[in-house]
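What follows is a set of notes on a single structure, which appears directly below.
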Amino acid sequence: MNTFLRKYFNDNSSVYNHIDHADIEFHTGTASQPNGYFIKLFLKVENNQIMDAKYNAFGCPFTIAVTSYFIEKIKNKTLLEASNIDNFDIKESLELPINKKDRLFLLEDAVKNCIKQINRGK
């Protein structure tokens, strides 16, 4: 695992803890894989802008690092910008091995599910 990837794996500043955030209203979106990996996103949105973002993820270190990196990048972005995961160059920035690319699909599903929930609430 490269140093940049390790940095995001070890960064727990955006991990959601319900005790720390009980007074904040987050929209959630989840995605899971049959192998037990899952990502749950928590987005605080105001006027279509992501004001805060947190996550819970379970799986290999790549799943956690990819999610941590993405969460850092989407803060203060619009929902449309966040939904376009390809614009964040996650695979290239984290030097994600080709056999770990399915982690990006899992993240994309969690983002889409969260945006669906936000749009239903409007």
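The values are calculated or read from the model by the stated rules, or taken from the named source; none is laboratory data. Everything numeric here is computed off the predicted structure, so don't read it as measured data. No Cβ is skipped: glycine too gets one built from the backbone with ideal geometry, and neighbour counts run over all protein chains shown. Surface areas here come from the heavy atoms of the whole protein model, side chains and all, with no ligands, DNA or RNA. Shrake-Rupley method; radii C 1.70, N 1.55, O 1.52, S 1.80 Å.
Checking the condition aromatic (Phe, Trp, Tyr) and modelled with pLDDT under 90, which residue from Phe38, Phe4, Phe9 passes?
Working: Phe38 fails: modelled with pLDDT under 90; Phe9 fails: modelled with pLDDT under 90.
Testing whether each residue is aromatic (Phe, Trp, Tyr) and modelled with pLDDT under 90 leaves just Phe4.
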Report the residue count in segment 4-27 for those that are under 13 Å from the mean Cα position of the chain (by Cα) and among the aliphatic types (A, V, I, L, M). 1
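Sort out which residues of segment 91-104 are under 11 Å from the mean Cα position of the chain (by Cα) and not basic (Lys, Arg), and write them in order of number. Lay out the reasoning, then the answer.
Filtering segment 91-104 for residues under 11 Å from the mean Cα position of the chain (by Cα) gives 103-104.
Residue satisfying the conditions is Leu104 alone.
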Output for Cβ contacts, cut-off 9 Å, separation at least six or different chains, first residue free of Cβ contacts under 8 Å to residues at least 40 places away in the same chain in segment 93-122, second of a type in the set (D, E, K, R) and open to solvent by less than 70 Å² (accessible area, probe 1.4 Å), reads Ile98/Lys91; Lys101/Lys91; Leu104/Lys91
Gln49 vs (1) at positive phi; (2) touching a Ser or Thr at 6+ places or on another chain (Cβ under 7 Å); (3) polar (S, T, N, Q): all pass except (1)
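Looking at segment 62-122, what helices (runs of 4 or more DSSP H) fall wholly within it and have at least 3 residues that are at pLDDT 90 or above, closer than 21 Å to Leu5 by Cβ and not acidic (Asp, Glu)? Let's see the steps before the verdict.
Details: elements: 79-83, 90-93, 102-121.
Result: 102-121.
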Report whether or not Thr30 is over 22 Å from Leu5 (Cβ atoms), in contact (Cβ under 8 Å) with a residue 24 or more places away in the chain and under 14 Å from the mean Cα position of the chain (by Cα). yes
Scanning segment 20-38 residue by residue, those within 11 Å of Thr63 (Cβ to Cβ), part of a strand (DSSP E or B) and open to solvent by less than 50 Å² (accessible area, probe 1.4 Å) turn out to be Ala31
Take segment 50-78 and flag every residue that is polar (S, T, N, Q), more than 15 Å from Ser13 (Cα to Cα) and out of contact with any helix residue (DSSP H, G or I) (no Cβ under 8 Å at 6 or more places or on another chain). Asn76, Thr78
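Of all residues being under 10 Å from the mean Cα position of the chain (by Cα) and among the β-branched types (Val, Ile, Thr) in segment 55-84, which is most open to solvent (accessible area, probe 1.4 Å)? Just the residue, please.
Residues of segment 55-84 that are under 10 Å from the mean Cα position of the chain (by Cα), as a first pass: 55-57, 63-74, 82.
This time we only want the ones that are among the β-branched types (Val, Ile, Thr), so: 63-64, 66-67, 71, 74.
Numbers: Thr63: 1, Ile64: 34, Val66: 0, Thr67: 0, Ile71: 0, Ile74: 2 Å².
Selected residue: Ile64.
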State which residue is most open to solvent (accessible area, probe 1.4 Å) when the search covers only segment 96-122 and only residues that are among the aliphatic types (A, V, I, L, M) and more than 13 Å from Leu80 (Cα to Cα). Ile98
